[in-house]
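Participant: Below: one structure in structure tokens.
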Amino acid sequence: NRNRQLGKLTIMDGDDFDRTNRNRQLGALRSTEGKMKAVVMEKRLLDVNPDLDLRALPVFLECDECDGLIRDGGFDYVIDCIDSLQPKLH
């Protein structure tokens, strides 16, 4: 159905936008430099779909939280968008 939209979304990122993000990240603009990525993307996503049930968490995910968050979060899908290898090693 073309009219179906995403209904519920949780985004998590403890990082802020830097000027070096501008060429590769949608929310990275001069006006968003220094702002938390999760907060900026929350505003953008709600501007696209104001009916979205959105939870933005401006924190880094700690490994000891992963199992509980995924188990108790009620998610249909979990997407890993970590852009560096180091956090995945821990």
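Participant: Based on alpha-carbon atoms only, what is the radius of gyration of segment 1-61 relative to the globular estimate 2.2 N^0.38 Å?
Facilitator: 1.20
Participant: Mind listing the long-range amide H neighbours of T10? Cut-off is under 5 Å, sequence gap 5 or more, other chains count too, H placed in the peptide plane at 1.01 Å from N.
Facilitator: R55
Participant: Rounding to the nearest 20 debye, state how big the charge dipole of the chain is about its Cα centre with +1 on each Lys and Arg Cβ and -1 on each Asp and Glu Cβ.
Facilitator: Here the chain has a charge dipole of around 580 debye.
Participant: Ignoring ligands, DNA and RNA, please state the percent of accessible area on the chain from carbon and sulfur, probe 1.4 Å.
Facilitator: Carbon and sulfur: 50 percent of the exposed surface of the chain.
Participant: Any idea what the relative contact order of the chain is, in percent, if you count C-alpha pairs under 8 Å spaced at least 6 apart?
Facilitator: Contact order relative to length: 31 percent.
Participant: Say R0 is 35 Å: what FRET efficiency, to the nearest 0.05, do K35 and V78 get from their beta-carbon distance?
Facilitator: According to the calculation, E is roughly 0.90.
Participant: Is it possible to state the helix-based mean residue ellipticity at 222 nm for the chain, with each DSSP H run of 4+ residues giving -39500 (n - 2.57), the sum divided by total residues, to the nearest 500 deg cm²/dmol? What is it?
Facilitator: So the helix-based figure for the chain works out to -8000 deg cm²/dmol.
Participant: For segment 1-86, which trypsin sites (Lys or Arg not before Pro) are both in a DSSP coil and crowded by at most 11 other Cβ atoms within 10 Å?
Facilitator: R2, R4, R24
Participant: Hey, what's the chain come to in accessible area per residue, 1.4 Å probe, Å²?
Facilitator: 83
Participant: Name the residues whose placed amide hydrogens come within less than 5 Å of the amide hydrogen of V59, ignoring near sequence neighbours (fewer than 5 apart) on the same chain.
Facilitator: Long-range HN contacts for V59: D13, G14.
Participant: Starting from the Cα-Cα distance between L85 and L69, subtract it from 0.36 nm times their residue separation and give me the gain in nm to one decimal.
Facilitator: Full extension from L85 to L69 adds 3.7 nm.
The values are calculated or read from the model by the stated rules, or taken from the named source; none is laboratory data. No experiment lies behind these values; they were computed from the predicted model shown. Counting neighbours? That spans all protein chains shown, and the Cβs are built from the backbone with ideal geometry, glycine included. The protein model used for the area step is the full one, side chains on, heavy atoms only, and it has no ligands, DNA or RNA in it. Shrake-Rupley method; radii C 1.70, N 1.55, O 1.52, S 1.80 Å.
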